[in-house]
Amino acid sequence: MPQTEPLFSQLTPDDDIVAETRNERIGYPNLTTLEGANLKFKRGEVTCIIGGSGCGKSTLMKALIGLLPPLAGEVRLLGENLYALEEDQRNAVLRRVGVLFQNGALINSLSVAENIMLPMRRHTQMPEAVMLATARLKLRQVGLEHALHMLPEQLSGGMKKRAALARALALDPEVLLCDEPSAGLDPLTGAGLDRLLLDIRRIFKISIIVVTHELNSIRAIADRIVMVAPGRLVFFGPLAEALISNDPDLVSFFGRQATEQTASNSLYHLLTEAP
Ligand SMILES: Nc1ncnc2c1ncn2[C@@H]1O[C@H](COP(=O)(O)OP(=O)(O)OP(=O)(O)O)[C@@H](O)[C@H]1O
Ligand SMILES: [Mg+2]
């Protein structure tokens, strides 16, 4: 049987991790949303952050990209603690990262092209014509080339997500973080976006971290799952393990019945518990 090559065998162990949390406490002064999870996001993988509404998925993403300092412990992105860096060094790391925010966050007064050129203006000295050509190329990659000179208000929901994805890809990031990319889209458009993310990962070898609670999307794209509940980590591991786990949070999230073994165990405990 042919041996499958490990995906990134040439990389050192540290290079294999694109983002991590170490003894972290993440949240706000009066609310801890995640504590002591010690997550490691692997290079080349799609990791889905899942969990109920308001449990802290976006908060974790904000902490990962340098927008929310951890209350304790450390968060690292591409090997660096963003919160300990000078602005220049921090920008140098962020230049290698693409972010798609929950609401798309396109600037309404700017054309789609200008929106995509924003990160280029911020992080590079590219000439105007090269920026425009790059914006066109990025839009072609997401199947939206015709929208180059349109305003965000002229785009449908799915088109807005694609335009925001094109902006996140503007500087050929090593890591792409997306917060609810397919939320609010019809299933077909959502599935199209999933395929696009998988294509992007395959073609550009990007690591992708996606916050989502779309079941179909998770099953289609995730290699690994981080499941959070308010204040705690529920699960961190491969999708295949999450799908067969008997953890009640995972069982109810994936809408499965507990296995017969677990069901009969619980019944046994119920019947034998002291009154
Ligand atoms: N800036 C803030 N200050 C204080 N608390 C906040 C702030 N932003 C969010 N929260 C609280 O943190 C918790 C987690 O919010 P978060 O937006 O991370 O949830 P989420 O899992 O992304 O939810 P959703 O699926 O609805 O997007 C919520 O209780 C929310 O009210
Ligand atoms: Mg959110």
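The values are calculated or read from the model by the stated rules, or taken from the named source; none is laboratory data. Just so it is clear, the model here is predicted, and its values are computed rather than measured. Cβ coordinates were reconstructed from backbone atoms using ideal geometry, including for glycine residues, and neighbour counts include every protein chain displayed.
For segment 207-224, the condition holds for no residue, the condition being that it is outside any strand (DSSP E or B), surrounded by fewer than 18 Cβ atoms within 10 Å (Cβ to Cβ), of a type in the set (D, E, K, R) and more than 16 Å from the chain's Cα centre (by Cα).
Scoring A170 on the criteria (1) more than 14 Å from T47 (Cβ to Cβ); (2) crowded, with 21+ Cβ neighbours inside 10 Å; (3) within 16 Å of ligand 2 (Cβ to nearest atom) leaves a single failure, condition (3).
Residue count for segment 214-234 satisfying the condition of being more than 30 Å from N23 (Cβ to Cβ) and within 14 Å of ligand 2 (Cβ to nearest atom): 1. When segment 114-133 is filtered for residues that are loosely packed, with under 15 Cβ neighbours inside 10 Å and assigned to a helix (DSSP H, G or I), the ones remaining, listed by number, are R121, R122, E128, A129, V130, A133.
Within segment 22-34, residues that are outside the structural domain of S58 (by TED's automatic domain parsing) and within 7 Å of ligand 1 (Cβ to nearest atom) reach no partner that is modelled with pLDDT of 95 or more and outside any strand (DSSP E or B) with beta carbons closer than 6 Å at six or more positions or on different chains. Kindly list, by first and then second residue, each pair from a residue in segment 40-64 that is in contact (Cβ under 8 Å) with a residue 24 or more places away in the chain and assigned to a helix (DSSP H, G or I) to a residue that is near ligand 2 (Cβ under 9 Å from one of its atoms) and of a type in the set (D, E, K, R), limited to pairs with Cβ atoms under 9 Å and residues at least 6 apart or on different chains. Partner pairs satisfying both residue conditions: K57/D179; K57/E180; S58/D179; S58/E180; M61/D179. Of all residues in segment 177-213, exactly one satisfies the criterion of being farther than 12 Å from R162 by Cβ, within 16 Å of ligand 2 (Cβ to nearest atom) and without any contact (Cβ under 8 Å) to a residue 60 or more places away in the chain, namely G184. Look at D194 and say whether it is touching a helix residue (DSSP H, G or I) at 6+ places or on another chain (Cβ under 8 Å), assigned to a helix (DSSP H, G or I) and more than 23 Å from M120 (Cβ to Cβ). Yes: the conditions hold for D194. Annotation: of all residues in segment 99-113 being assigned to a loop (DSSP other than H, G, I, E, B) and more than 21 Å from the chain's Cα centre (by Cα), the one that is nearest to V210 (Cα to Cα) is I107. Only one of the numbered conditions (1) within 25 Å of A163 (Cβ to Cβ); (2) within 16 Å of ligand 1 (Cβ to nearest atom) is not met by V93, and that is (2).
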